[in-house]
Structures are given as structure tokens and as C-alpha cells.
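Questions regarding the structure given below will be posed in turn.
The values are calculated or read from the model by the stated rules, or taken from the named source; none is laboratory data. Since we're looking at a predicted model, the values are computed, not measured. Don't worry about glycine lacking a Cβ; one is built from the backbone with ideal geometry, like all the others, and counts go over all protein chains shown. Just the protein is used for accessible areas: all its heavy atoms, side chains included, with ligands, DNA and RNA removed. Shrake-Rupley method; radii C 1.70, N 1.55, O 1.52, S 1.80 Å.
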Amino acid sequence: MTSTPPTEPPSLEDIAAAGNRRLRDADRLKKSSDDLRDLVLAALREGHLKPTEVAKASGWTGAHVRKMARDAGIEPDERYRERAERLKKAQAATE
């Protein structure tokens, strides 16, 4: 998105209004992110959706969703725990 430069220099009121819009938008973004986080964590706790599906639908990366889940005390499903341990060992061996 390209903005066109103003024909006159911005006034302090213009700058203050833009600053207020940014703060308002930041507050709305924080609230929507918090709401999305709550939905993602609820879906993971329920366990009826695959974590990869939840991550994809959220727009967040799988790593971010996994970190949120671990921080919220949600451990990997037993089906994935063994695979996760194998991957950790393999990654440690290559480092």
C-alpha cells in the first residue's frame, strides 16, 4: 500500500490523530489476537481437531501454536509424543 505524500506539511493535529489511530488499531489487534489464542487453546484442549489443522486455520505457524499450547500446559497427544521425541533426538544429533 503506497500512500501519496501530502501537499502540505503535516500538522501536530494530523500526527496526533495518526498516533491515536495506531494505538486504537493496536488495541483491536491485541484483542483479536487474544480471542484467537483462546479459541486455538480451547480447540487443542478439546482434542477433536488435529493440531496442524488448528494451526493452519489460525494463520499462525505450527511452532507458535505448539509454544502457546505448552505455555498453557497442553501436552502433545500420546500419538505424537513418540514422534516428537525421535525428531528431537535426530535434531540434537545433527547439531
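Under a crude label model (7 Å from the Cα following the beta-carbon direction), how far is T61 from D77 in nanometres?
2.3 nm
Take each complete run of DSSP H in the chain, measure how far its Cα atoms stretch along the helix's own axis, and keep only those covering 30 Å or more with mean Kyte-Doolittle hydropathy at least -1.0; list them.
Working: long enough: 12-46 (51 Å, -0.63).
Counting only whole DSSP H runs, the qualifying helices are 12-46.
Taking the Cα centre of the chain as the origin, how large is its charge dipole in debye, to the nearest 20, when only Lys and Arg (+1) and Asp and Glu (-1) carry charge on their Cβ atoms?
Values: 19 positive and 17 negative charges, 94 e Å.
Dipole about the Cα centre, nearest 20: 460 debye.
Per the 1.4 Å probe, what fraction of the accessible area of the chain, in percent, lies on carbon and sulfur atoms? The partial results should precede the final answer.
On the way: 4650 of 8250 Å².
Carbon with sulfur: 56 percent of the solvent-accessible area.
For the chain, what does the accessible surface come to per residue with a 1.4 Å probe? Please give it in Å².
Numbers: 8250 Å² over 95 residues.
Counting only protein heavy atoms, the per-residue value for the chain is 87 Å².
Compare A26, A18, A55 in a GNM of the chain, Cα atoms joined below 10 Å, and give the one with the largest fluctuation.
A18
Please identify, among L29, L39, L12, the residue showing maximal mean-square fluctuation in a Gaussian network model of the chain using a 10 angstrom Cα cutoff.
Greatest mean-square fluctuation among the candidates belongs to L12.
Continuing with this model, one more query. When volume of the Cα convex hull per residue in Å³ is calculated directly from the model, which label among (i) 341; (ii) 121; (iii) 171 fits?
Among (i) 341; (ii) 121; (iii) 171, the one derived from this structure is (iii).
Under 8 Å for C-alpha pairs, at least 6 residues apart: give me the relative contact order for the chain, rounded to a whole percent.
Values: 23 pairs, mean separation 15.7, N = 95.
It rounds to 16 percent for the chain.
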